[in-house]
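Notes to accompany the following structure.
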Amino acid sequence: MSHENKQDELNQIAEEISACTKCELHKTRTNTVPGHGSANAKVLFIGEAPGADEDEQGIPFCGRAGKFLDEMIESIGLNREDVFICNTLKCRPPGNRDPEDKEKEVCKPYLQKQVEVIRPKLIVTLGRHSTATYLPGAGGISKLHGKPVRRPSGQVYLPLYHPAAALHNGGLRQTLLSDFGKIPVILSKIAKDTSNKIQETNEEETKAKQGKLI
Ligand code: URA
């Protein structure tokens, strides 16, 4: 699919999202926040949910946590136009409460469609919500962060702490920056993966290989 066609498809998904009434969050949102970035992104970031700034502007990670995310993206020689940034939810939970299971469930197909269009080499889950949604049963973020995982589908994930966590806990800043620094290495390993045949592994094998696949 050409870049233009992929962009058209992403625009169409964003339009669908803007009309979505599948959960109660549509009643309190100002704007939907479908995601932002390149239709050809090699790396796709998934945060938790839009906050007040994002709801106001319709752009993911445009507040303080977003500033730190931009800084980390730039630390690996990219910028937010090179990657794709989105969230497990496309609408803001009132008062920034945690996403509810039902909200995540009804919202997930939008992100699945975006992933099918973009076909990123690497999906980075930011924080425990996004990690638990996309790597269910794998364990807590303090154990998983910085370790790439290849799912049975062949898709490679990298769980990281949420950038907002570093705003509250300065010690995590360096951990996040150092985990981020692994992204170029992981991408080049994926590119060099000459097997090209993605091995189907069962859940147990996947767990056993966590952090060792790449
Ligand atoms: N936190 C998130 O998880 N997502 C945003 O878009 C902003 C802050």
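Under a Gaussian network description of the chain, with springs only between Cα atoms under 10 Å, the residue in Glu48, Glu103, Glu74 that fluctuates furthest is Glu74. Once the Cα-Cα distance is subtracted from the 0.36 nm per residue extended length, the Gln57 to Lys113 segment shows a gain of 17.9 nm. Between the alpha-carbon centres of the stretch 140-180 and the stretch 19-66 there is a gap of 20 Å.
Summed over qualifying helices (DSSP H, 4 residues or more, each -39500 (n - 2.57)) and divided by its residue number, the chain shows a 222 nm mean residue ellipticity of -13000 deg cm²/dmol.
If the chain linking Asp82 and Ser153 were pulled fully straight, counting 0.36 nm for each residue of separation and taking away their Cα-Cα distance, it would gain 23.1 nm.
Taking all Cα pairs closer than 8 Å and separated by 6 or more residues, the relative contact order of the chain comes to 21 percent. Counting only alpha carbon atoms, the long axis of helix 101-118 and the longest principal axis of the chain meet at about 60°. Have a look at Ile46, Ile123, Ile190 and tell me which one the Gaussian network model of the chain (Cα, springs below 10 Å) gives the largest fluctuation. Ranking Ile46, Ile123, Ile190 by mean-square fluctuation puts Ile190 first.
What you get for the chain, charging only the Cβ of Lys and Arg (+1) and of Asp and Glu (-1), is a dipole of about 780 debye around the Cα centre.
Using the alpha carbons of the chain, what is the convex hull volume per residue in cubic angstrom, as a whole number?
Measuring per residue, one finds 119 Å³ for the Cα hull of the chain.
Once backbone amide H atoms are built at 1.01 Å from N, Asn87 has Gly47 as its partners under 5 Å, excluding neighbours fewer than 5 places away on the same chain. Distances between placed amide hydrogens fall under 5 Å for Val124 paired with Leu44, Phe45, Ile46, Leu158, all partners being 5 or more residues away or on another chain. Comparing Thr30, Thr21, Thr125 in a Gaussian network model of the chain (Cα springs below 10 Å), the most mobile by mean-square fluctuation is Thr21.
Every number here is computed from the coordinates shown, using simple stated rules; none is lab data. Model, not experiment: these values are computed from the prediction. Cβ: placed from backbone, ideal geometry, glycine included. Neighbour counts: every protein chain shown.
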